[in-house]
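Colleague: I'd like to ask some things about the structure below.
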Amino acid sequence: MKHVSMNTILAAMFALSGLLLFSQSSAGDKQQVVYHVADEGKVMFALNNIRNHIKGVGGKENVEIVLVVHGPGLKAFHEMQAVDKLRETVAMLQGEDVQFNACGNTMRAQQIEVDELIPGFVRVDQGGVVRIAELQQDGYLYIRP
């Protein structure tokens, strides 16, 4: 019988486990991404990035995206101030299952309620940065355009 070294066995096991992990991750796992916007001037840029992201991965079935907005960036989403292009883009992204989270601290500071934002926003009372950290703990990739 031929002698096989322990290193050879370990190398083969490592290679096999890598193949198993690759086949599991390529068998339907969605990318999970949190986009972060705090600057009002970057809102449309971020929304366009999200649209391109969905297209780039082949559609909403391949990605889960959460947009977390806080600080001055939230002003762009106020119902009374939002421009039509922004409303249309948000509606389209909601159709692609993008989730829109608004920082509760920012809402309090700006003295607005969730019903004063473009429809579809969810208030995150723990705060925007805490929500981002929670999503990252859950494996979401972080992008701040």
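Colleague: Mind checking which residues of the range 106-144 are part of a loop (DSSP other than H, G, I, E, B), within 21 Å of GLN94 (Cα to Cα) and in contact with a strand residue (DSSP E or B) (Cβ under 7 Å, 6 or more places away or on another chain)?
Modeller: Hits for the range 106-144 are GLY120, TYR140, ARG144.
Colleague: For ALA133, work out the one condition from (1) free of Cβ contacts under 8 Å to residues at least 12 places away in the same chain; (2) surrounded by 14 or more Cβ atoms within 10 Å (Cβ to Cβ); (3) within 18 Å of ARG51 (Cα to Cα) it doesn't fulfil.
Modeller: (3)
Colleague: Another question, if that's okay. So which residues in the range 80-105 are part of a loop (DSSP other than H, G, I, E, B), surrounded by 13 or more Cβ atoms within 10 Å (Cβ to Cβ) and over 19 Å from the mean Cα position of the chain (by Cα)?
Modeller: ALA82
Colleague: In this structure, does GLU79 turn out to be in contact with a strand residue (DSSP E or B) (Cβ under 8 Å, 6 or more places away or on another chain) and of a type in the set (D, E, K, R)?
Modeller: Here the answer is yes, as GLU79 does meet what is asked.
Bear in mind that the values in this text are calculations on the coordinates, not laboratory data. Keep in mind that this is a model prediction, so the values were computed, not measured. Cβ: placed from backbone, ideal geometry, glycine included. Neighbour counts: every protein chain shown.
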